[in-house]
Every structure is written in C-alpha cells, then in structure tokens.
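Before any comments, here is the structure.
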Amino acid sequence: MGAPAVGEAVRDRFSADEVFQRIVAAADEEVTSSGRELFFSGIAAGFAISITFLLYASLSASTDNPVLGVLLYPLGFIYIIIGGYQLYTENTLPPVALTLERIASLPALLRHWSIVLLGNFTGGAIGTLVLVYGDVFDPAAAEKAMELGRHGVETSAWALFSKAVFAGLIVAGVVWVGFSSRDTISRIVVTYLAFLAVPLGGLFHVVVSFAEAFYLIIHGELGILVGLTGFILPVLIGNTVGGVALVTLVNYFQTSEDRLESARFEGIERRLTPREWFLGRLAGRSYVPMLDPSEQGLSGEGAYRIMVPIANPRTESRLIELACTIASAREGAIVHAVHVIQTPGRRAADPSYGQRQRVMEESDRLMEPLRDVADDYDAGLKTSMVITNRSFEEVFNAARRTDPDLVLMGWGEDRLWTDARAERPLTELTNRLPSDFLIVKDRGLDVSRILVPTAGGPNSALSAEVAEMIAAVADAEVSLLHVVDGPGERETGQEFLSQWALDHGLTDAETIVDDSGDVEAAIEREANDSTLLLIGATEKGLLSRLLTDSLHMDVVHRVDCSVLLTERPGDRTILQRLFG
C-alpha cells in the first residue's frame, strides 16, 4: 500500500545534503544568467528595499514605540524572496556554495556579486529619488528618514562592521531555511521574523544603508565619498563576512561528501580544475564538460600517444590518416580520437542519462569509419567523446587530463588563434602547453615532399621530429631551409644547417641555405616545390605580436601546400611570454 515497513520512519523535512543540492541547483541557474538579467533583477530588488526604507521611516515617525515602528520593515524583503529578485546579501550563500564545490570559478563569483550589487544600488537610488522628489514622505517621516541616515553615519566603522556581520548571518540563514521549506507560507513567516530582527537589533543591511546614505547625499548632508567609504563599505564587508564565513561555510561542512551527486556522472567529477577555479570565468555545472568514462584509462598508457580532437568525423578523416602515419613510426603507438561535441549557445546542455546514452551511441556510430582508416596503419586507435560548449578550450583540458605525447588538431577559426600560436593570447601568459601541438592547415595533406624551415628554435626541433617520423613511414622527401642575411653568411649557414640535420636525424634531407635575408619570401619560394610545410609557431611575446605582424600567418595563407604549425611546451618567464 506504499506505507513504510516496520521500524522505518518517513522524514518530513529535507536533509542537509538535499537542501544543499536545492541551493546549488538554484545557484547554477542564477550564476549562469546573463549580466542584463542579473542587473535588472538587482534593480527590482533595490527598488523593493526602498519600500522597506519608506515604511520604516513612516511608521517610526507615527509612533514612539520602537517595536511598532519596525513591524513593516520586512515587507520589501518578502517581495524580494517571493519574487525571486537578486539581492546581494542573499547571494552570499547560493553562488558561494557553487564556488566551494568548484562548479563556479572565483572570478565568476565576483562578477555575479558585482552585477547584483550594482543593480541593488541602482534600484535603491531610483527608489530614494522617487521618495524625495515625489514628496512621498510627510514632514515627520522625512525628518525620521534623515535621522535614520545620520545614525548610521555617526556609528563607528567597527560597530557598523560587527552589526552588519550579524545581519549577513540572518539573511544567509533565511536563504538556507527558505530552501529547507516546502511551502510559500513557511518562507514568508521565516522571512518576516528574521528580517524583523535587523531593526530591532540595531543591525545594518547594506542596501537599506545605501538608501539611507543616498537620502542624506541628496539633501546635501553627506559627501558621496564619505558615505561610501565611512558608512556603506563597512556594512558591505560585514554582510559579506557574516553570510559567507558564519553561515555558508558552517552549512557546507555539515553536509556529507555526497552533497552533490547530481554534479557527477559515473564516477567522473565534473568540477573545474584548480586553475579554472582560481583564474577562469566559468560558472555552472553546464559549463563543465561531460566526459566519456573510457577516457580515464588513457592517461595510464605507456605507449607513444597522439590525441586528435575531431569535431566532424565525416570531414576530418585525413587528420586521423596523418596521425596514424606519424604513430606508425613508433612501436605500439596509439591514436586517441576525441569527438568534441559542441553544444550551441552560451550554456551547455545537461541531458538526462538516457539522452547521454543516445549521444554516446551516435558518437560511436560516427567514429566507426575512423577505425577502418586506422586499420590500414600500424597504429592502434581509441576513441572517446566530450560534450562541451567551449570546444577550443576543451582541447587543452582534454590534453591535460589524458597527458598525450602529441596533439594533432585541425586549423579553424574556433581553434587556432589568429597570431600563429596554439593558445589564446591571455591563456599563454598563465599556462604551459600540456604537450607538443600540431595545427594542420589541410590542402590535401600530401606528405611526399616536406619543407622544414629552421632557425634552431625548439619548435623547429619538433618540426624535424615530425618530419623524421613521416619520412620513415611514407618515404617522403625532406628539405631543410635556413635563411641568412647575405652571401657572406652562406658558409656559416650551411655549417649550421648540416649540424642541425645531424642532431635531428635528418642527414638524408636536402639542405637549402637562402642568403636573401627575407625569411617569408624564401619560405614561399621553396614551398612551391613542396606538398607539406612544417613551420614552428612564433616565439614572439604577446605584446610583440600585437605591435608587429607575424610572418607565419602571411606564409600560411600564401603557400599552396598543406601546413603543419608546430609548438612545443616551454618554460618561458612572464617577461619572455610578453615581449619574446
């Protein structure tokens, strides 16, 4: 009949884990909202707070009883809670919980807070302007409003901070209890009683305090800078500390390790990496990719491994052919084809288990022809998939997770940045490439005649390594090119190139020394007789590339043959990454 068995009890309230999961689900929706949505919701909340200011001043002016004077103080907060508007002090709980779970980054949290707080202040300012210039207050209420503002300004910064801490605790506690409630009436009662404690306890709420300070500013009794630094800032810090430290952290650590099972799939933790969490802009479970469980076993493989990100298996089979050609030069080498499924829009899809299974089955079907391609080579092929809405970044994340020896990816507008590097500009200042990278500009991918320009850098060394592997398998002709500044340096250039060929196992390669001094023109001339150009990524720093053009980009677009851009991880300092 559905009744509990003997000895069992039916719980009539949510557990701490369940409350936490409800909070995170709501926070995930909020923190991934657009800035416009957050801002205007914040304006609505700030304007609602002006109702609290109106009723607090008006009722206090009409009675000498302090208890009666604050009876309608919570009304504006009830509007906000029931209406689902964004109030800064409420956001010291849900987004912070999301951040503690590493589902949102710290920069994303600060962005969320900033937008909501700016919206609250804007709405509070609009409401206060209406109160002043709309003659809403009667003379007694207007004088009481001035008195409320003066009281806050005259309070010491330490007292403001301490009282605001308790107010922040109360507000964040209301949020937690609100998510523990099962009906609207309970939420209204809890909100009313809790916010009644703010004026009765002489506490300070940052948005109400802003309305009071702005009221004084309009009347010329308070300077803007003094009001913000001496009154609003201590209250803001106190509310934040109270909400985060005294409630969020306590409530977080009273939950179990299973507090967020919904963010995990088949044992894979869908969390931001420490770097993404501290420096990234990511927020929400939907921004963390869904991974194929088969990926986990790849990082332990001891064989030489080439990772190939594939967006469209139907059109990118030549990438697999090239990867298999390179892998065939190494005994037991493995090609790992990653099907990167990019979801549209700014938010990634979060499908159900059944939908995930269908996506995985469809991915397997699309990748099946690639296995037939690999069968023609002496290399193993493994496949996996990842669902994400940020395909370019996910290539690097997948490489960090699986630790391949080489990443081979196609050249596209959403993959290769337009300055001849494998990384986006700001990323290269904070990251080290996870492995060697090859970026392919496909113009037929004929590997019979390979040109390798070199000036001796680490990236050209990778070009030589790749050329050697291709030549060993495909019996390709390799030509090495070195450009010097004039005929007087030709002999020195020839000595350099001969030694460089010896050092990199390319003694059978043709050596070409060009004494024109024009590197770009020399590469273009020699590429006319080549089918594949292997060129090292630029080693110019970020600022240097912003001020001067990169020869790589001109060469890549002018030559008729396919191009492989090679880049090897380096331990360059920040100054080297900036200036080169």
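The values are calculated or read from the model by the stated rules, or taken from the named source; none is laboratory data. Please read these numbers as outputs of a predicted model, since none were measured by experiment. Reconstructed Cβ throughout: ideal geometry from the backbone, glycine too, with neighbour counts over all protein chains shown. We work out accessible area using only protein heavy atoms, side chains counted, and drop any ligands, DNA or RNA first. Shrake-Rupley method; radii C 1.70, N 1.55, O 1.52, S 1.80 Å.
Shape class of segment 43-128 from the Cα gyration tensor (axes a ≥ b ≥ c, square roots of the eigenvalues): prolate, since a/c reaches 1.5 or more and a/b is larger than b/c.
Look at the alpha carbon pairs under 8 Å that are at least 6 residues apart: their mean separation over the length of segment 40-150 gives a relative contact order of 45 percent. Applying both filters, DSSP loop and at most 11 other Cβ atoms within 10 Å, to the chymotrypsin sites (Phe, Trp or Tyr not before Pro) of segment 76-135 eliminates every site. At a probe radius of 1.4 angstrom, the accessible area of segment 159-259 per residue rounds to 40 square angstrom. Shown for segment 50-181: the carbon plus sulfur share of the solvent-accessible area, taken with all protein chains present and a 1.4 angstrom probe, equals 68%. With protein chains left intact and a 1.4 Å probe, residues in segment 36-86 average 44 Å² of accessible area per residue. One Cα centroid belongs to segment 492-506, the other to segment 168-237; the line between them spans 73 Å.
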